[in-house]
Amino acid sequence: MGGSVSTVPSASPTMRDVAAFAEVSPMTVSRTLRGDPRVSPEMRQRVLAAVETLRYRRNDLARGLRTGRSSGLLGLVVTGLGNPFYSEMALGVEALAAERDMRVVLGDTAGDVDRERQLVDDLASRRVDGIIVVPAGNDHRHLDPAALHGLPVVFATRPPSVPDVDCVVVDDFGGSRAATASLLAEGHERIGFLGLGRSLWTGTERLRGYCAALEEAGLAVDDALLRSVASTSGAAEDAARALLQLPDPPTAMFAANNRNTVGAYRAIARAGTGTALAGFDDVPLADLFASPLTVVAYDVGEVGRRAAQLLLDRLDPAAGSGHARMLTVPTSVKTYRPLGGS
């Protein structure tokens, strides 16, 4: 086949190179690579052999620019991959994208809004089909699809401040209320709160759930027991230690995320106070802890899967655009007890 064609692969072989090598038309190559059943097994084998010899790879981005079709890429922007939550969420997005033969491009803002703007602009310039974003701040104007020339955007874990944007959130309020209520049911009336800051929607909702549980139990919220914590377990440990050193310290604590829970556990263990602890988010290896731990659990991967589904729905003309949707992932409360304990 193709005796006049060099068998040495070029630096960037094209579809025409493959067609010439296989002695078929470029259309036949295109149909073969799309899995078109009209291509005979013999012809398919010839094309695939040429692809292998020339080491040809489709340039899907360039093809999308020329045709206006899908690039096959979804953008995912999160605020901190060091947090296991976002790794699990990314796996959920990836799982659903893979079912559609799409790929995920991941970016980490480290909670920096300027970095978020840069990442989103870069993803848009690379012609991703849509973006899932965990916003770093409360001003979302740069994430408005209208500002991104109609690029579909889905928010995860926090609702948007711009109209007509889909989002997936966790039942932050209900989970926090239920976990705090479980501590109250154990007889604790002074419960410290290690929060996320009231500027964040998740922080506000989890504080609101904590306060609601106290109020439902007929207890006033004591501001001396409230702490806002930076996003590290070390800062949470410092805040928990400060609570334990109060003249009238709490007998229990509620931590508003997994890093705060780990920090609080360290402070309690080092102080040897036996303070009860509950936290939002599951904690890996919690069953190996030396004391019981109550957590607000939910399927983190489901957050990613639902966000990806909302985005794919926006990309499907048959699904129709419709009104913006907010999906809520439910939570449950469970308690880990030391192995071998009661």
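What follows is calculated from the coordinates using simple rules that are stated; it is not laboratory data. Note that the structure is a prediction, hence the values are computed from the model and not measured. Quick reminder, even Gly has a Cβ in these numbers, built from the backbone with ideal geometry, and neighbours come from all protein chains shown.
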Calculated diffusion of segment 15-58, Stokes-Einstein form, Kirkwood radius summed over Cα pairs, 4 °C and 1.567 mPa s, µm²/s: 131 µm²/s
Based solely on its DSSP helices, what 222 nm [θ] is calculated for the chain when runs of n ≥ 4 H residues each add -39,500 (n - 2.57) and the sum is averaged over all residues, nearest 500 deg cm²/dmol? -13000 deg cm²/dmol
How big is the gap, in Å, between the Cα center of segment 196-213 and the Cα center of segment 240-275? 18 Å
Dipole magnitude (debye, nearest 20) for the chain, charges at Cβ of Lys, Arg, Asp, Glu: 1180 debye
Residue-ordered couplings for segment 77-93, obtained by feeding phi - 60° into the Karplus form 6.51 cos²θ - 1.76 cosθ + 1.60 and rounding to whole Hz (Gly and Pro as x), are 10, 10, 9, x, 5, x, 8, x, 3, 6, 5, 5, 5, 4, 5, x, 4
The farthest towards the positive end of the charge dipole of the chain, of the residues PRO247, THR204, GLN118, given +1 on Cβ of Lys and Arg and -1 on Cβ of Asp and Glu, is GLN118
Amide hydrogen neighbours beyond the local backbone of VAL170, cut-off 5 Å, H modeled: THR157, VAL329
Along the charge dipole of segment 15-58, pointing to its positive end and built from +1/-1 on Cβ of Lys, Arg, Asp and Glu, which listed residue (SER40, ALA22, TYR56) has its Cα farthest out? TYR56
In degrees, nearest ten, helix 300-315 long axis to first principal axis of the chain (Cα): 40 degrees
Search the structure for amide H atoms under 5 Å from the amide H of VAL104, placed 1.01 Å from N in the peptide plane, and list their residues when 5 or more places away or on another chain. LEU74
Using the alpha-carbon atoms, what tilt in degrees (0 to 90, nearest 10) does helix 201-216 show relative to the longest principal axis of the chain? 30 degrees
Rh by Kirkwood over Cα pairs, then Stokes-Einstein D for segment 172-297 at 1.567 mPa s and 4 °C, µm²/s: 93 µm²/s
From largest to smallest, what semi-axes in whole angstrom does segment 65-147 give when each is the square root of 5 times an eigenvalue of its alpha carbon gyration tensor? 21, 18, 9
Would you work out which of PRO338, GLY192, ALA136 lies farthest towards the positive end of the dipole of the chain, given +1 charges on the beta-carbon of Lys and Arg and -1 on that of Asp and Glu, about the Cα centre? ALA136
List every residue whose amide H lies under 5 Å from the amide H of ASN83, counting only residues 5 or more places away in sequence or on a different chain, with H placed 1.01 Å from N in the peptide plane. none
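If contacts are Cα pairs under 8 angstrom and at least 6 residues apart, what is the relative contact order of the chain in percent? Mind showing how you got there, number by number?
Working: 635 pairs, mean separation 52.4, N = 342.
Rounded, it is 15 percent for the chain.
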Stokes-Einstein D in µm²/s, Kirkwood radius over Cα pairs - the chain at 25 °C with 0.890 mPa s viscosity: 107 µm²/s
